[in-house]
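Student: Structure incoming, see below.
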Amino acid sequence: MWKIFERVGLAVGIGLLWAFSLCVAQPASKFTADFHGQEGLQCIGCHGETKPTTPTGGDACVMCHDGFAELAKRTENLTPNPHSNHYVAATEPECIECHQGHHADKVLCVDCHSGLKFEKK
Ligand code: HEC
Ligand code: HEC
Ligand code: HEC
Ligand code: HEC
């Protein structure tokens, strides 16, 4: 009887190891909130509460991040520069208009420039 349990235990163990190695092999998530989670930043960092149930506003980002002028230096290798262009200058959009919390980033510019991409110089 115990032999069966040992075998089951071993099978579960191998299963877990296999599952674990799969997890490790998975690429890091591309979504903004997941990336912050991987960096050890909790839900409260953006939402202001430990168990959020509603979306957060754009103010959440500027508590930790610099404004567009500083960000533009970080992305000056991209054309056009996502943080420095006529649209950002005119409207100062919220960060979350492009960097979604739990969805893939958007390029809000495509509303007018269809197919626009931020290419590496
Ligand atoms: C980097 C900032 C950030 C972090 C960290 C973050 N969120 Fe969010 N969250 C957002 C933003 C921005 C939105 C609104 C846009 C969206 O849903 O992508 C949002 C939306 C939500 C919503 C509303 C979803 C909906 O469909 O209306 C819930 C619930 C939520 N987050 C829960 C969480 C939980 C739970 C955690 C921690 C595990 C977390 N968030 C961590 C930024 C963040
Ligand atoms: C509690 C502090 C904190 C808050 C709040 C926060 N961030 Fe961050 N964020 C960080 C840190 C720390 C890093 C990693 C260092 C860096 O790249 O500046 C980071 C990195 C990033 C990156 C680069 C990720 C990458 O893939 O390289 C983006 C984009 C970003 N944050 C967007 C946002 C947005 C959008 C919000 C608001 C919804 C937000 N952050 C809110 C602390 C924060
Ligand atoms: C017009 C769209 C857009 C807006 C608005 C925007 N970003 Fe970005 N951001 C990008 C793109 C595109 C990149 C480069 C690709 C990536 O890392 O997602 C980027 C990159 C970043 C990075 C990583 C820079 C690095 O070193 O690689 C951070 C941090 C960041 N953004 C934060 C912010 C914050 C904070 C705001 C609001 C003040 C903001 N962004 C507003 C499009 C935008
Ligand atoms: C409401 C519509 C609209 C939006 C949204 C918009 N643009 Fe434009 N953009 C224009 C118009 C109109 C022009 C001038 C005519 C042209 O060159 O197509 C222009 C011109 C440009 C140019 C060339 C002229 C210059 O300023 O050097 C660039 C680069 C550009 N836009 C980038 C962007 C980026 C990046 C975004 C998103 C952050 C964006 N645009 C969002 C309408 C828009």
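The values are calculated or read from the model by the stated rules, or taken from the named source; none is laboratory data. A quick note: this is a predicted structure, and the numbers were derived from the prediction, not measured. Here the Cβ is made from the backbone with ideal geometry for all residues, glycine too, and neighbour counts use every protein chain on show.
Student: Pick from 119, 94: which is surrounded by 11 or more Cβ atoms within 10 Å (Cβ to Cβ), of a type in the set (D, E, K, R) and in contact (Cβ under 8 Å) with a residue 24 or more places away in the chain? Please lay out each step first, then the result.
Tutor: Details: 119 fails: surrounded by 11 or more Cβ atoms within 10 Å (Cβ to Cβ).
After applying the criteria, what remains is 94.
Student: Right, another one. Given the conditions (1) at pLDDT 90 or above; (2) within 15 Å of ligand 4 (Cβ to nearest atom), and given that residue 121 satisfies all but one, which numbered condition is not satisfied?
Tutor: (1)
Student: Out of the residues in the stretch 40-63 meeting the condition of being near ligand 1 (Cβ under 9 Å from one of its atoms) and assigned to a helix (DSSP H, G or I), tell me which one is surrounded by the fewest Cβ atoms within 10 Å (Cβ to Cβ).
Tutor: 44
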